[in-house]
Amino acid sequence: MSDTASSSRVRIRTPDQRLRVFVSSTLGELAAERKAARRAIERLSAAAVMFELGARPHPPRSLYRAYLEQSDIFVGIYWQKYGWVAPGETVSGLEDEYNLAPSRMPKLMYVKAGDGPREPGLERLLDRIRDDDTASYKHFRDARELSRLLVTDLAVLLAERFDDSRVPAASSSPAPPVQGRETPVTSLPTPLTELFGREQDVDGVAEMLRSPDMRLVTLTGPGGIGKTRLAIEAARALAAEVGEVAFVPLAAVDDATQVPNAMAHALGVLDTGDAPLGQKLALSLGSRHMLMVLDNFEQVVGAAPLVSRLLAAAPQLKVIVTSRVLLRIGGEHTYQVNPLGLPGEDREADSPAQVQAPSVDLFIERARSVKPDLELTAENLTAIKQIVRRLEGVPLAIELAAARTSLLAPPTLLDRLQHQLPVLAGGQRDAPVRQQTVRDTIEWSTRLLGEHEQNLLWRLGVFTGRFSLNGAEAVAESGVTPFDLLESLVDASLIRQQERKGATFFQLLATVREYATERLERQGHQAEVRDLHARYYANWALALAPDLTGPRQLQTITALSDEQENLRTALRHLLDTHQWDLATELAVRLYTYWWIAGLLGEARSWVNEVIAAGEAASKHSRAAALWIRSFLGLMLGAGEEVVRDLDESLQLLTASGDRDRQASVLSLLGFAYALSHPAEVQSGQELIRQGMSMMSEAGNTRPPGDLWTQAFSPLIPLGRIELARGNFEAASELFEQALRFSNQVEDDFARTFPLNHLGWTRLLAGRVAEAAPLMERQLDLSLGLGHEQGVAYGLECFVGVAHALGQTENAGLLYGAVRAIRDRLGLANVNDEAVLPIVDSIRNSPSGPEFERAVQRGRVLPRGEVIALARKVSSAAAAMAPAPAAST
């Protein structure tokens with residue numbers, strides 16, 4: 001059979017959906033360098049394609065070719081040896097890999113420096129490589145330097161390829177990037193390892209969900225059996241058919257009442273506090289073709305009725321649940337996830353040339369990630385087969401055991417397991433057998449750790465989701481440096497390392513985290529470590545808080561978003577332990593972030609707990625909590641309760657002498673009074689002006705960040721009062737003053753408010769050409785911040801502009817798109833009073849039917865097209881501006 005024919009028939013497993021980097025080198029002499037290369041490649045979330053002789057039963061040359069054809073970048077690592085030349089061949093496998101690499105493939109070549117002689121064949125190969133214009137050629141001293149070079153070179157190569165792929169912008173001033181959505185849209189995690197032996201399971205789950213009668217499928221089985229990975233792959237297989245896939249991780253959620261928050265975060269639904277989150281989720285999902293994956297549901301099974309309600313409210317919704325227990329709700333279908341296939345008992349099959357069982361393949365792949373030079377001798381393979389049988393084919397148990405091959409050869413590892421696992425089996429006799437296997441393997445793996453490594457692992461269980469090195473240092477034992485300990489825990493597969501936007505994070509698997517928290521509680525240190533965790537995140541976030549105003553706003557929002565789950569956990573702990581002052585400060589100082597992140601409703605629930613604490617909370621904390629609750633109330637339409645809250649807050653602040661915050665509260669009180677007492681608007685205006693006067697008295701003693709408060713608290717409310725009265729010039733002057741304040745502190749979020757109000761003021765005054773650029777600027781800033789609520793407000797502006805231009809169809813398309821965005825975000829009718837009169841007037845005109853047809857089309861218009869349409873309408877409005885008078 002020819003090599004080409006053989007290659008075409010071989011199905012090679014390679015990691016899906018990621019950049020593939022083929023690594024070519026000899027094995028034994030470069031074992032440490034191969035390990036460093038794999039880690040460097042995976043730091044960039046790419047897949048390392050590393051051929052190991054004997055790992056698979058395919059002819060080597062056809063295997064090289066198959067791997068190379070599926071790879072994107074070639075990396076060669078060389079030192080002294082040329083490699084083995086097979087009988088009948090003229091070159092070694094090392095050179096053959098280089099020969100078979102496609103000419104179009106980028107090549108990064110690294111040669112280890114050293115005093116020893118190189119084999120002649122390698123010298124000839126390196127001479128060829130030096131003459132290869134398509135290859136980069138560098139020297140390195142050790143594995144650490146190779147890792148650094150490889151990360152840098154891959155990053156540069158990817159940046160160059162990205163630059164080459166860019167399409168030149170049509171104008172000299174390109175618009176900000178549009179955060180558009182394509183089909184299919186998924187939020188599925190990208191696994192870093194290959195999937196073994198689950199092809200039939202993936203097909204089976206996918207087929208169940210393709211049936212119109214099956215909308216809820218629960219994957220059941222013990223922890224570590226592979227439910228999450230199976231759910232991800234099944235969802236990926238269905239993504240193109242369903243259009244949208246949302247992944248909702250629940251491993252760190254231990255309260256069923258918090259499940260709506262986790263779903264909202266995954267779906268992009270904003271918790272603005274105007275309605276229960278369950279209602280918002282139903283609104284968001286109502287007309288969407290969506291597959292939702294709810295992962296690790298067993299500890300929040302009390303939220304099962306919510307899943308049932310969402311399925312009833314959203315006829316196009318389908319759900320995959322992973323859980324150790326059933327939900328036991330109507331319409332649930334079950335898929336039992338079984339262990340991986342085990343090898344047979346035939347000793348004659350203990351040959352590397354034989355096709356291996358999936359459990360054996362998994363062990364080999366994981367073992368070679370920590371020991372690239374692992375040899376598949378008959379003795380090693382026999383031991384591996386007995387190990388996976390001993391571990392009953394449970395994937396997590398196999399991975400934990402395989403990680404120990406960096407220190408223990410398979411026969412030694414088998415001996416350790418046979419002698420120690422029975423000792424561990426004494427705990428939790430009521431647990432299912434395979435659940436015992438996972439727990440016992442975790443315990444066995446942790447017993448191989450040193451005392452400091454063990455204690456650090458137990459403490460890391462307090463983190464919710466990913467965490468940073470600094471976070472680990474904050475909860476570590478006094479005098480312990482976690483850096484080296486974390487590396488050991490990563491090598492043992494007890495925690496996982498991930499790179500995110502140039503920063504390194506770590507994360508515990510759900511089953512390991514569960515075990516760690518049990519051990520921490522058994523030690524009696526849980527309360528202490530949770531307090532360390534909460535105080536670390538509170539202090540870290542409060543140090544960042546000033547940058548929520550100003551030029552570093554976007555970077556600060558990104559940093560807080562990366563740690564959002566830990567922040568929420570920290571706040572929950574502070575409230576549960578009645579640390580009211582610190583909890584209130586965290587809720588108040590991060591208010592801008594909670595707003596942009598769509599967590600205002602949750603923030604209000606936090607301050608409600610402070611208020612409900614009564615005299616147990618300090619007067620300062622109560623005043624601040626009342627102020628924040630009232631601020632949210634003003635966004636939703638003021639009522640008498642808002643006026644009462646602000647009045648109490650003002651009295652508390654007056655008694656304490658806090659004139660800065662007193663001035664802000666006074667301004668808000670005036671606005672709330674004006675809204676709730678229309679006949680007494682002047683009284684409200686007077687209160688606002690008193691607040692402005694107090695701010696002026698503070699003068700330069702106020703921190704620069706408080707300029708945003710100065711801009712929003714008095715000026716926007718006064719402007720809105722004047723706008724409601726039809727005093728366009730007075731309103732414009734106030735909004736322009738607010739814009740100047742916002743520009744002074746370079747605050748993009750603050751700028752959006754006066755820009756939006758100025759745009760509406762110009763539009764209502766009939767100055768359409770002046771309104772459109774202001775509105776477009778507000779839209780651009782909201783897009784740049786990722787503030788979806790602001791995007792909705794910006795697009796609403798252009799409904800009015802299109803109507804003023806007589807473009808009924810465009811007005812309908814934009815309004816339909818806005819309604820779809822509002823529904824998706826769960827905003828319903830929050831703050832849409834400006835556009836509703838315009839929509840009503842169109843509907844009541846002869847153009848009403850045309851408008852309604854366009855609204856329906858706009859609801860399904862792709863996001864990128866909606867933004868482009870708004871810009872088109874803006875350009876048409878700007879073209880109406882009178883030409884400058886000709887000079888005489």
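The values are calculated or read from the model by the stated rules, or taken from the named source; none is laboratory data. Everything quoted here is computed from the prediction, not taken from an experiment. Here the Cβ is made from the backbone with ideal geometry for all residues, glycine too, and neighbour counts use every protein chain on show. To get the accessible areas, we keep the full protein, side chains included, count just its heavy atoms, and leave off ligands, DNA and RNA. Shrake-Rupley method; radii C 1.70, N 1.55, O 1.52, S 1.80 Å.
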For D133, the accessible surface traced by a 1.4 Å probe with all protein chains present amounts, in square angstrom to the nearest 10, to 150
Below 8 Å, C-alpha to C-alpha, sequence gap of six or more: please give me the relative contact order for the chain in percent.
9
Once R447 and E119 are pulled to full extension, the length gained, defined as 0.36 nm per residue separation minus their Cα-Cα distance, is 113.6 nm
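If I take every Cα pair under 8 Å that is 6 or more residues apart in the range 743-888, average their sequence separation and divide by the length, what percent do I get for the relative contact order?
Values: 182 pairs, mean separation 38.6, N = 146.
Relative contact order comes out at 26 percent.
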Stretched fully, the stretch from T257 through A31 gains (0.36 nm per residue minus C-alpha distance, one decimal, in nm) 76.4 nm
Test of understanding: extend the Cα→C-beta vector of E686 to 7 Å, then name every residue of the range 635-666 with backbone N under 17 Å from that spot.
666
Roughly what would the spin-label model give for E473 and E194, points 7 Å off Cα along C-beta, in nm?
3.9
Do any of K318/K385; K227/K501; K138/K371; K107/K371; K81/K107; K318/K371 go past 31 Å between their Cα atoms, and which?
K318/K385; K318/K371
What's the angle, to the nearest 10 degrees (0 to 90), between helix 199-210's Cα axis and the longest principal axis of the chain?
30
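For the chain, what is the calculated [θ] at 222 nm in deg cm²/dmol (nearest 500), taking -39500 (n - 2.57) for each run of four or more DSSP H residues and dividing by its residue count?
Details: 40 runs with 509 residues, N = 888.
Roughly -18000 deg cm²/dmol at 222 nm, from the helical runs in the chain.
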Run the quick spin-label model on L407 and V490: label points 7 Å from Cα toward the beta carbon, then report their separation in nm to one decimal.
1.8
Toy charge model, Lys and Arg Cβ at +1, Asp and Glu Cβ at -1: the chain dipole around Cα centroid in debye, rounded to 20, equals 860
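Using +1 on the beta carbon of Lys and Arg, -1 on that of Asp and Glu, and nothing else charged, what's the dipole of the range 454-581 about the Cα centre, debye to 20? Don't skip to the answer; put the middle values down first.
On the way: 13 positive and 17 negative charges, 55 e Å.
Computed about the Cα centre, the dipole is about 260 debye.
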Show me, for the range 499-511, the HN-Hα J-couplings you get by feeding each phi into the Karplus relation (A = 6.51, B = -1.76, C = 1.60, θ = phi - 60°), rounded to Hz, glycine and proline as x.
9, 9, 6, x, 10, 9, 10, 10, 7, 8, 4, 4, 5
Each label point is 7 Å from the Cα along the Cα-to-Cβ direction; what then is the distance between the points at A543 and V480, in nm?
2.2
Can you figure out the FRET efficiency of E865 with D127, using R₀ = 45 Å and their beta-carbon distance, to the nearest 0.05?
0.20
Heavy-atom accessible surface of the chain: percent carbon and sulfur, 1.4 Å:
51
Amide H neighbours of S136 under 5 Å, counting only residues 5+ apart in sequence or on other chains, H built in-plane at 1.01 Å?
K107, L108, M109
With an 8 Å cut-off on Cα pairs and a minimum separation of 6 or more residues, tell me the relative contact order of the range 523-640 in percent.
23
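Rounded to the nearest 0.05, what FRET efficiency is calculated for S605 and S136 with R0 set to 56 Å and r the Cβ-Cβ distance? Before the final figure, lay out each step's value.
Details: r = 55 Å, r/R0 = 0.98.
Taking R0 as 56 Å, the efficiency between S605 and S136 is 0.50.
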Cα centroids of the range 599-670 and the range 281-311: how far apart, whole angstrom?
34
Just to confirm the number: angle between the C-alpha axis of helix 304-313 and the first principal axis of the chain, 0 to 90 degrees, nearest 10?
70
In square nanometres and to one decimal, what's the mean projected area of the convex hull around the Cα atoms of the chain?
46.0
Between the helical axis of 60-69 and the dominant principal axis of the chain, each derived from Cα atoms, what acute angle in degrees is found, rounded to the nearest 10?
10
Among P714, M109, G614, which residue has its Cα furthest toward the positive end of the charge dipole of the chain, with +1 on Lys/Arg Cβ and -1 on Asp/Glu Cβ?
M109
If unit charges are put on Cβ atoms (+1 for Lys and Arg, -1 for Asp and Glu) and the dipole of the chain is taken about its Cα centre, the option from A510, T654, Y335 lying farthest towards the positive end turns out to be Y335
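Provide the packing ranking of 549-555, 536-542, i.e. peptides ordered by the mean count of other C-beta atoms within 10 Å per residue, highest first.
Details: 549-555: 16.3, 536-542: 19.6.
Result, highest mean first: 536-542, 549-555.
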Report, by chain and number, residues whose modeled amide H sits under 5 Å from the one on H333, excluding near sequence neighbours (fewer than 5 apart, same chain).
L216, V217, T218
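Report, in debye and to the nearest 20, how large the dipole of the range 522-608 comes out about its Cα centre when Lys and Arg carry +1 and Asp and Glu carry -1 on their Cβ.
On the way: 8 positive and 10 negative charges, 13 e Å.
Result for the range 522-608 is approximately 60 debye, rounded to the nearest 20.
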Accessible area per residue for the chain in Å², computed with a 1.4 Å probe and the full protein assembly in place, what is it?
43
Work out, step by step, the length gained on full extension between D203 and E640: first 0.36 nm times the residue separation, then minus their alpha carbon distance; give nm to one decimal.
151.5 nm
